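Shown next, in structure tokens, is the structure this report addresses.
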Amino acid sequence: MELKTARLTLLIDPNKKAAFERLCAQQDLTPSQVVRQLIRDYLAHHGVSYQPSGSHVDEGGDAAAAPSQRRGPRPRKA
């Protein structure tokens with residue numbers, strides 16, 4: 001889990017935002033949780049690795065990755 005945060009601001013159609021917020025509420029998730037997961041999935045899909053802020057480095061020099069970051073990228077859809 002990231003210990004530091006940075007703000008991401010985006011513009012979106014108000015009706016689309018309202019529909020997104022309703023769906024998130026139905027799934028008992030916050031919009032921020034969903035967007036963070038989408039970003040993690042997008043980075044993994046494109047093979048981009050990163051070290052979450054606040055993660056420690058083990059003796060081998062590798063950052064301790066959360067389980068979702070240990071997996072390889074997903075195969076591309078046809």
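FYI, it's all coordinate maths here, none of it is from the lab. Bear in mind the structure is a predicted one, so any value in this text is a computation, not a measurement. Every residue, glycine as well, gets a Cβ built from its backbone with ideal geometry; the counts of neighbours run over all protein chains shown.
Report the full-extension gain for the segment Leu3 to Ser32: residue separation times 0.36 nm, less the Cα-Cα distance, to one decimal in nm.
Stretched out fully, the Leu3 to Ser32 stretch lengthens by 9.0 nm.
Taking 0.36 nm per intervening residue step and subtracting the Cα-Cα distance, what contour gain separates Asp41 from Leu10 on full extension?
On the way: separation 31, 0.36 × 31 = 11.16 nm, distance 1.87 nm.
Answer, rounded to one decimal: 9.3 nm.
With Cβ to Cβ distances under 11 Å as the rule, what net charge do the other residues near Thr30 carry (K, R +1; D, E -1)?
Value of the local net charge: -1.
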